[in-house]
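The values are calculated or read from the model by the stated rules, or taken from the named source; none is laboratory data. Since the model is a prediction, treat every value here as computed from it, not as a measurement. As a convention, Cβ positions derive from the backbone with ideal geometry for all residues, glycine included, and neighbour counts pool all protein chains shown.
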Amino acid sequence: MNTRLSRIIENFTNKVMERFSQENILSVEQMEDSLWEDSSNFIREGIAAYAEMVDQMILEQKEARKISGISVHKRNASREYLSRFGQVEFARTYYKTEPGYGYLADKVVGLESYDRISKNVCAELVDRAALMSYQRSSEETTKGKVTKQTVMNKIRKTKGLELIPKGKGRKVRYLYVAADEDHVPLQSGKNVIVPLITVHEGIENVSKNRNRCVNAKHFSEYGKPPKVLWEEVGAWLAEEYDIDSIERIYLHGDGANWIRTGLEFLPRSCFILDKYHIEKSIKTVTGGSMRGYIFKIRRAIQNYDLKRFEDVVDEMLMEVESSSQGERLVGFKKYIMNNWDGILIRQNDFKCGGSCTEAQVSHVLAERLSRGPKGWSEEGLKHMSKLRVFKVNGECVKPENIKKRNEKAELSEMEKRAVRMVKEVFAEAKNYSMFEKEDFEIGKMTPITRMFKGISHTGYAF
C-alpha cells in the first residue's frame, strides 16, 4: 500500500511539475483544463487506494474477525461507482458474517449496496433537475453517463426539503402572503392544481419596470391537503417572526376556498382580492357586444360602490345574446359579491400592498412544471413541486438530502472497530505535510511511510 500511494503521489507531482516547466507558455484556460484532468485522475486513484487500504486493514485482523465470526468468502471483488471526478474502481473482500454476506470495507467508507453513483453526484443531479430537464441535468453533471430515469429516481429519494425557520424572531409590522395555483398537465392528459404560498415583507422597486418581494419564502407540495400546507406556513411564521410585533397579515389571492382557509392559521390576517383576478374576471364577461361595459364595471369597483356594480351587471343581463353568456355574467356577479370584503378593504387600508400572485406562480412553479410540452406523473409532480420551492428558496441539495436504502441500518461491532482503527491510523499522519522540507523524496522514511509500514507488517489492533 505504501508503494501504491507513493506512486500515485509521485506521478501526480511529476505531471503538475511538467505542466509548469514546459517550454511553451500555456494560457490560463489550457492550464485549467490540464490541471483539472490531472487532479481528477489523482483523486480517483487516491479514493481507490484509500478504499483498498481500509479493506486490507480489515483483512489483516484475522484474530478479531475470528472472534466476531467473520470469515473471507471471496477476495478482490471489483466495484465501480461514479464520483464527481469520474469513474472510480477498486477491489475489496467479500465476507461471510453471522447476519449474512457483505463487503465490510464498503460499509466502513460509506458505500451502500448496489449504489453506483456517489451521494455528491446524486445531490448535484437532483439540484440541477430543479431548474432543468432530467436529461440536461445528467448531461451537465455527468456528461450523460446516467439516464434521465436515474435522475428521476434520485429525486424521489430526497428528504429534508422542508423550509427550516432560522428562529430569528424578526420584528415587522406588516406581512404579506400571496396564494395562487399552477395548472399542471399530467401524463393522463388532465390538468391538476399545484398550490403555491409566498410569504414576504413587501414589494420594493429594483429597477425600471422591475419589482421584487422582500425576503420572499415559498411553500408548495402537490397532493398535500390545504390545511396541512397552511399549518406549515403558520408554524414557520411563529418561529421566523415575532408574532406579537405583527399588526396585520395581508392574504392576497383569488378568493378560492383553499386560499381563504389560510385566514384560520395566520394571526391578525385579512383577505385581499387580487387585482389581477379582478381584471381577469371582468374580461371574461365584457367581450363582443358587452365591451362598452368595461369602464362602468371598473368604475363601480374602484369607487367601492356595490349597489352600482349590481345595477351594471343587471343591465348587462338584459342584453345577453345566449344562455352561456348569461351564466357567465351570473357567475361573475356572484364571484365579485362573495369577495367584496377583499375589495372593500382597499378603501381605507393603504398598507394592504400590491398583488404579485401570478408573478410568483410563473417564476416559482410554471417555469419548471407547466411551461412547454410536459406531462408529469402524480408522484413525480409531488416531489418536483417540493424540490422546486426548496431551490427557489435559496437552498442547495446536499448528500444528506438523499435517502439511504436503509436509514436505520447500523454498523456491526466489527465494522465499528474497523472505523476506529482507520481513524487511529490516519490520526498519526494528520499533521504531516509532504512539502515541509525542500529536499522531500517520495522514497524517504517519513511519518506517513512509517504508518503504512506498520500497517503492512504488524497491523493495528481493534
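Taking the stretch 53-81 as the range and being modelled with pLDDT under 85 and closer than 11 Å to residue 91 by Cβ as the test, no residue passes. For residue 209, the criteria (1) in contact (Cβ under 8 Å) with a residue 12 or more places away in the chain; (2) more than 25 Å from the chain's Cα centre (by Cα) hold in every case but one, which is (1). In summary, residue 48 fulfils each of the numbered conditions (1) in contact (Cβ under 8 Å) with a residue 40 or more places away in the chain; (2) more than 25 Å from residue 402 (Cβ to Cβ); (3) not charged (D, E, K, R) with the single exception of condition (2). Residue 67 falls short on exactly one of the conditions (1) over 30 Å from residue 398 (Cα atoms); (2) hydrophobic (A, V, I, L, M, F, W, C); (3) not in a helix (DSSP H, G or I), and that condition is (3). In the stretch 220-264, the qualifying residues are those that are within 26 Å of the chain's Cα centre (by Cα) and part of a loop (DSSP other than H, G, I, E, B), and the one that is nearest to residue 392 (Cα to Cα) is 220. For the stretch 98-115, the count of residues that are modelled with pLDDT of 90 or more, of a type in the set (S, T, N, Q), out of contact with any Phe, Trp or Tyr (no Cβ under 6 Å at 6 or more places or on another chain) and closer than 30 Å to residue 152 by Cα is zero.
Looking at the stretch 18-30, can you tell me whether even one residue there is touching a residue at least 24 places away in the same chain (Cβ under 8 Å), assigned by TED's automatic domain parsing to the domain that holds residue 83 and either surrounded by 13 or more Cβ atoms within 10 Å (Cβ to Cβ) or touching a strand residue (DSSP E or B) at 6+ places or on another chain (Cβ under 7 Å) (or both)? For the stretch 18-30, residues touching a residue at least 24 places away in the same chain (Cβ under 8 Å), assigned by TED's automatic domain parsing to the domain that holds residue 83 and either surrounded by 13 or more Cβ atoms within 10 Å (Cβ to Cβ) or touching a strand residue (DSSP E or B) at 6+ places or on another chain (Cβ under 7 Å) (or both): absent. Any residue that is in a strand (DSSP E or B), closer than 25 Å to residue 104 by Cα and either of a type in the set (Val, Ile, Thr) or in contact with a Leu (Cβ under 8 Å, 6 or more places away or on another chain) (or both) - is there at least one of those in the stretch 38-59? No: zero hits. Counting only helices (runs of 4 or more DSSP H) that fall entirely inside the stretch 100-212 and contain at least 3 residues that are over 26 Å from residue 377 (Cα atoms), the qualifying elements are 104-108.
Assess whether residue 254 counts as being over 22 Å from residue 130 (Cα atoms), touching a residue at least 24 places away in the same chain (Cβ under 8 Å) and surrounded by fewer than 15 Cβ atoms within 10 Å (Cβ to Cβ). Against the criterion (over 22 Å from residue 130 (Cα atoms), touching a residue at least 24 places away in the same chain (Cβ under 8 Å) and surrounded by fewer than 15 Cβ atoms within 10 Å (Cβ to Cβ)), residue 254 does not qualify.
Taking residue 125 as the residue in question, decide whether it is at pLDDT 85 or above and closer than 30 Å to residue 366 by Cα. Against the criterion (at pLDDT 85 or above and closer than 30 Å to residue 366 by Cα), residue 125 qualifies.
Taken over the stretch 265-277, residues that are part of a helix (DSSP H, G or I) and touching a Gly at 6+ places or on another chain (Cβ under 9 Å) amount to 2.
Listed conditions (1) under 30 Å from residue 22 (Cα atoms); (2) surrounded by fewer than 18 Cβ atoms within 10 Å (Cβ to Cβ) are all met by residue 78, apart from (1).
Do we have any residue at all in the stretch 26-33 that's closer than 19 Å to residue 87 by Cα and part of a helix (DSSP H, G or I)? Yes, there is a match, as at least one residue in the stretch 26-33 is closer than 19 Å to residue 87 by Cα and part of a helix (DSSP H, G or I). Listed conditions (1) in contact (Cβ under 8 Å) with a residue 24 or more places away in the chain; (2) farther than 20 Å from residue 345 by Cβ; (3) among the hydroxyl-bearing types (Ser, Thr, Tyr) are all met by residue 323, apart from (1).
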